[in-house]
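Visitor: The following block contains the structure, expressed as structure tokens.
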Amino acid sequence: MLFMGGLVVVELNTATNNCEMFDSETGDSEDLPALPDESYSHASCLIGDFSILLVGGASSSQIKNQAHMLDVRTASWQPLPSLPGRRVSLAACTIGNSVIVTGGSCSPDGGGCGPKFGPVCRDTFIYDIAAGAWRTAAAMPHARAAHCCVPVGSGPSTRAMVIGGRSAESLLMETAEFYDLRTDTWAEVPIPPERKVFCGCSCCPVDDDSVMVLGGDTPFASDEASKLDTHTMTWSARKSPKMPAPRQSFSSCVIAVD
């Protein structure tokens, strides 16, 4: 798993540009090349086996619409076409040759998990990797910010799952939403109550039907890691190792390591 950026001093909105690789089985971590600049509440997703797309988010002074790609093999970043709108606390995942970008906020006060709630979006944007261009897709059933978006399933049946985050009224969303790229439609499913999925958490798939849910605002930054089976919508009984340090408003993904 790769951790990128995030807040290191929440009260002062102090962002970091650090990248760390984390082994969820052993708990070991190592540093990777830093982000192009400080960033928190951005979105990231894996493209191929060794490239990571980073989009949106905020620094200590502005909300971003930039997109960049990290090649883990060459330890280098390159710019991509900008997102159609500036968004903080958005979420993204890759399905085939498309990147699905969902929700977020265009207001710094509405983007995170703090007491100030601003406008929260239902937007869905699709980035065509081959064409290098963005388009607008069907909006989510509910506006969300500080949530997660991960691919689940395999082959042509792969869907995007949106989970966690908050609306403009609540810090806790009790449903997950599944997006079908083939039909451009959304469906809503309850989250099992044994483990709350908090605002500011991060998620990444560990196999076709399971995702790791990491960290979040409980209301303090958490180091918890839990596995969710998205086919049965049940939590794993096996306890996962904790992360190296508590985090919220960060991103994560799984990468292949030789």
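The values are calculated or read from the model by the stated rules, or taken from the named source; none is laboratory data. Remember, it's a predicted structure, so these values are computed and weren't measured experimentally. So basically every Cβ, Gly included, is an ideal-geometry build from the backbone, and we count neighbours across all protein chains shown. Remember, those area values only see protein heavy atoms, side chains included, never the ligands or the DNA or RNA. Shrake-Rupley method; radii C 1.70, N 1.55, O 1.52, S 1.80 Å.
Visitor: Stick to the Cα atoms of segment 131-258, pair each with every other, and give me the Kirkwood hydrodynamic radius in Å at one decimal.
Guide: In segment 131-258 this quantity evaluates to 15.2 Å.
Visitor: Suppose a student asked you for the relative contact order of the chain, using Cα pairs under 8 Å spaced at least 6 residues apart; what percent would you report?
Guide: In percent, rounded to a whole number, it is 16.
Visitor: May I pose another question? What is the Cα centroid distance between segment 164-233 and segment 41-91, reported in whole angstrom?
Guide: Segment 164-233 and segment 41-91 have Cα centres separated by 21 Å.
Visitor: Hey, what do the phi angles of segment 55-60 turn into as Karplus ³J(HN,Hα) couplings, whole Hz, using 6.51/-1.76/1.60 and θ = phi - 60°, x for Gly and Pro?
Guide: 9, x, x, 8, 9, 6
Visitor: Could you run the Karplus curve 6.51 cos²θ - 1.76 cosθ + 1.60 with θ = phi - 60° over segment 84-93 and give me ³J(HN,Hα) per residue in whole Hz, x for Gly and Pro?
Guide: 3J(HN,Hα) across segment 84-93, in whole Hz: x, x, 6, 9, 10, 6, 8, 9, 8, 8.
Visitor: If each residue of separation counts as 0.36 nm, what is the full-extension length gain between residue 37 and residue 25 once their alpha-carbon separation is subtracted? Before the final figure, lay out the partial values.
Guide: Numbers: separation 12, 0.36 × 12 = 4.32 nm, distance 2.98 nm.
Full extension of this stretch gives 1.3 nm more.
Visitor: In addition: Could you list log10 I(q)/I(0) for segment 4-78 at q = 0.11, 0.25, 0.28 Å⁻¹, which the Debye formula gives when each Cα is one point scatterer?
Guide: Cα-only, vacuum Debye calculation for segment 4-78: -0.28, -1.21, -1.34.
Visitor: Right, next: Which is the longest part of the chain that has none of the GluC sites (Glu not before Pro) sitting in a DSSP loop with at most 14 other Cβ atoms within 10 Å?
Guide: The reported range is 26-168.
Visitor: Rounded to a whole number, what % of the accessible area of segment 114-247 do carbon and sulfur atoms account for, probe 1.4 Å? Show your work: numbers first, answer last.
Guide: Working: 3420 of 6120 Å².
Result for segment 114-247: 56 percent of the exposed heavy-atom area is carbon or sulfur.
Visitor: I'd like the accessible area for residue 198: 1.4 Å probe, protein heavy atoms, all chains in place, Å² to the nearest 10.
Guide: Surface accessible to solvent at residue 198 totals approximately 60 Å².
Visitor: Follow-up question, since we're still on this one. Evaluate the relative contact order of segment 173-220 (contact order divided by residue number), counting alpha-carbon pairs under 8 angstrom at least 6 apart; express in whole percent.
Guide: Details: 55 pairs, mean separation 13.1, N = 48.
Taking the mean separation of contacting Cα pairs over the length of segment 173-220, I get 27 percent.
Visitor: While we're here: Keeping all protein chains in position, work out how much accessible area residue 86 exposes to a 1.4 Å probe, and write it in Å² to the nearest 10.
Guide: It works out to around 120 Å².
Visitor: Further question on the same structure: Of all trypsin sites (Lys or Arg not before Pro) in segment 153-191, which ones are in loop regions per DSSP and have a Cβ with at most 15 other Cβ atoms within 10 Å? All intermediate terms of the calculation are to be shown ahead of the outcome.
Guide: Numbers: sites: 159, 166, 182; in loops: 182.
Of the trypsin sites (Lys or Arg not before Pro), the ones in loops of segment 153-191 whose Cβ has at most 15 other Cβ atoms within 10 Å are 182.
Visitor: Through the Karplus equation 6.51 cos²θ - 1.76 cosθ + 1.60, θ set to phi - 60°, convert the phi angles of segment 30-37 into ³J(HN,Hα) values in whole Hz; use x for Gly and Pro.
Guide: Result, ordered by residue: 8, 7, 10, x, 5, 4, x, 8 Hz.
Visitor: Strictly greater than 26 Å: what percent of every Cα pair in the chain meets that?
Guide: Percent of Cα pairs beyond 26 Å in the chain: 30.
Visitor: Excluding same-chain residues fewer than 8 positions from residue 227, which aspartates and glutamates have a Cα within less than 19 Å of its Cα?
Guide: Answer for residue 227, where 19 Å is the Cα cut-off: 23, 25, 28, 174, 177, 194, 207, 208, 209, 217, listed by chain and number.
Visitor: Quick one: accessible area per residue over the chain, 1.4 Å probe, rounded to a whole number of Å²?
Guide: 43
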